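Here's the structure, in structure tokens; my notes come after.
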Amino acid sequence: MSLLRYTVYRLLQAIPVMFGIAVVTFLMVNLAPGDPVDYMISEELASEELIASIEARYGLDEPLWRQFLNYLGFSWFLGLLGVPGFADAPPGLLQGDLGLSMYYDRPVSELMLTRIPPTLMLVLSAYAFALTLAIPLGVVAANRRNKPTDHISRIIALFGVSTPSFWIGIMLIVIFGVWLGILPTGRMVYPWRDPAFYGYGNHLELWYQTLRHLFLPVVALGTLQMAVIMRVERSSMIESLQSEYVQLARAYGVSERTILRKHAFRPSQLPVITLIGLNLTTSLGGAVLIETVFAINGMGRLIVQSIQTLDYQLILGTTIVLGFVFVIGVIITDLAYAYIDPRVTYGEEA
Amino acid sequence: MAIGEQQTREEDGGADDEFEANVGWRYTLGRIKSDTTARFGLAVIALVLAVTVITAIDTHLSRLTFGALDDYMLAQAAPMLDHPTRHPDPGTSERRMPPFFVDGGSGSITDNPLGTDEAGRDYLTRLIYGTQISVFVGLTATAIGMGVGTVVGAVSGYYGGWVDDVLMRFVESLYAIPALVLVIVFTVLVSGNNPDITYAAVGVAITFIPVFARLIRSRVLSVREMDYVEAARATGVKDRDILMRHVIPNSFAPVLVLATLQIGVTILIVAGLSFLGYGAQPPTPDWGQMLNVSHQYMLSNPWMSVWPGVAIMITIFGFNLFGDGLQDALDPRIK
């Protein structure tokens, strides 16, 4: 199978999972005891007509199975095919329509569009930070196994996985923002905006300021990933260093440096790639807290706001989209894995 | 957190069978005893559990004294009852006092060693009582998640076919939604916008189903092919009995390691949940909730934000250290 066919195959595989995400989220939100309309209007104002008009506006007057078909966008297709009863069904998830936010009274997809880039910027930068530190540290720890360097890195990694990211964020704000006063702690700067918007002269300054603003949130979010990746890098590096091909290279008199660089390093990155994909969901969850601490207007903050305002449609939409982002992330890392590892024969279940 | 790592270690877990002599409880215990870091982890866990039990007894004794009073009335009766967990302890100390070693603090290690909180309550006392919630949720959520996840994973791996397909797609969907988001949505919506720590525990347990299910399934897939399972099937033992008596017990060692690590993950998630205001509700002391309040005073009283984080870190560190040692002890390839 070619890489292209493998890509298509992986995308097809993702469909049931994406469907599952939509089902799980939809059921959780809709089977919960509360009634969204009750949260929207006060008791004195609640009249039969008002409730009915609100329910009609958000499509809550239909039976649950019908709401589900509407939400997913199946109804729209059925309407297209001319199935009776579905003639004027609204577009849904499949058509990129996630309904109307009850609090903002605007389309959910429109609200989310501006929120996704900041979150991606934060999460990807956190991974960049984690990888630049974790890979060298992991390699060094593996190379000096059971020596002080190894033990110290193990302790650091254990502290990394034991510390809440948002607390690291708070401490960083206290130390660098308040105490030393050398780094900004809020009012995020986004590089895709016009520099003049922030009063900067040119794009270079804008990028510099973005990096400065990103630094603390990225360290807070990336520490956990750094710790986890470092441990996996170490154990997989140890495994490669003990493998037969490395022993063979050693027997041929290849120097340890070359072995480390040319033979052991590349195969050791494969578990790390898998890990990045799987841990994307942890990072997205962490982003919810980090965005709250550092006041970044991303998806995470949108979710927190949607829960504060009990905006059912927005809760549904944001949760499902975060799940989708994870699924796509896993596919990308899987493809990277297949691309890097020459042993992978596409199509066979790993 | 550690799921990827579990996965990579699991993939080559098949080598276990060649080292039958190196497994077994007595052997494992012996190895943990000789592992300094694991012993240290165990000591931290023991301390945390002891604190939980003692504070829990104390809380319940004081509630017994006031027999019929519910939590609300206890809070009302606050001035009569000098108890740190249930009432705001008004006016006994200056509010938001820094710790004793800082200028402006109590100056004495015996008064309010770590200072006071936004209502003038002793910070150290609240920190100690906060252990209860974390440990309670950590243990219950992990236990429920482990139980349900084990059954789902075992059934999925043992029966295979469409059962496996359906269950695994469900488990993957559940895993795809960030745990914290799932727990918040579950806690707020299912409780009818009246979040409580019990809902949080159940929510966390749900997010743990995937990790446990996937781990046990991968083990079951190899155990299923063992001769003794084949023999049991041939002699007409029922599928359910094979699962419960042979397959699950023989797949359990890595699950135990994961459970130890997941207790730490639970405490992290609940801290995040309470930080956002959807976990334990005031006046119950809880580390995440204390961080939620102290976050507002971050600029003027940074010390208030330090302590709960340190408490969380030490507790989770203990569980991770022990889990790490347990993993090494159960891994026959490491000598």
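Figures for the structure shown
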| read-out | value |
| --- | --- |
| Span per principal axis, largest first, for the Cα atoms of the range B:195-335 (Å) | 72, 39, 18 |
| Mean projected area in nm² (Cα convex hull; one quarter of hull surface) for the range A:41-192 | 17.3 |
| Length-normalised contact order of chain A in % [C-alpha pairs under 8 Å, at least 6 apart] | 24 |
| Calculated over chain A: convex hull of Cα atoms, volume per residue (Å³) | 204 |
| Ranked packing of B:196-207, B:173-184, most packed first, by mean Cβ within 10 Å | B:173-184, B:196-207 |
| Span from the the range A:6-78 Cα centroid across to the the range A:242-280 one, whole angstrom | 49 |
| Ratio of the Cα radius of gyration of the range A:190-326 to 2.2 N^0.38 Å, where N counts its residues | 1.51 |
| Cβ neighbours within 10 Å from other chains - mean over A:167-174 | 6 |
| Selection of chymotrypsin sites (Phe, Trp or Tyr not before Pro), the range A:240-290, meeting DSSP coil and at most 15 other Cβ within 10 Å | A:TYR252 |
| Cβ neighbours within 10 Å from other chains - mean over B:165-174 | 5 |
| Residue among A:LEU180, A:LEU60, A:LEU111 with the largest mean-square fluctuation in a Gaussian network model of chain A, springs linking Cα atoms under 10 Å | A:LEU180 |
| Mean separation of Cα contacts under 8 Å (6+ apart) over length of the range A:3-95, as relative contact order % | 17 |
| Whole-Å semi-axes of the range A:3-95's equivalent ellipsoid (Cα gyration tensor) | 33, 18, 9 |
| Per-peptide average of other Cβ atoms within 10 Å, ordering B:265-272, A:11-18, A:308-315 highest first | B:265-272, A:308-315, A:11-18 |
| Radius ratio Rg over Rh of the range A:108-308, counting only Cα atoms, Kirkwood formula for Rh | 1.07 |
| Net length gained if the chain between A:SER255 and A:ALA87 were fully extended (0.36 nm per residue, minus Cα distance) | 53.2 nm |
| Residue-averaged beta-carbon neighbours from other chains (10 angstrom radius) around A:16-24 | 6 |
| Debye equation applied to the C-alpha atoms of the protein assembly as shown, log10 I(q)/I(0) at 0.05 Å⁻¹ | -0.26 |
| Rounded Å value of the spacing that divides the Cα centres of the range B:134-210 and the range B:251-276 | 12 |
| Selected from A:VAL174, A:VAL304, A:VAL288 as most flexible by GNM, with chain A as the system and alpha-carbon contacts under 10 Å | A:VAL174 |
| Most mobile listed residue (A:THR114, A:THR223, A:THR258) in chain A, GNM with C-alpha springs under 10 Å | A:THR258 |
| Distance between modelled label sites at A:ALA196 and B:ALA143, nm, 7 Å Cα→Cβ extension | 6.5 |
| The range A:153-168 versus the range A:290-345: alpha-carbon centroid distance in Å | 23 |
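Every read-out reported here was derived from the displayed coordinates using simple, explicitly stated rules and does not represent laboratory data. Keep in mind that this is a model prediction, so the values were computed, not measured. Quick reminder, even Gly has a Cβ in these numbers, built from the backbone with ideal geometry, and neighbours come from all protein chains shown.
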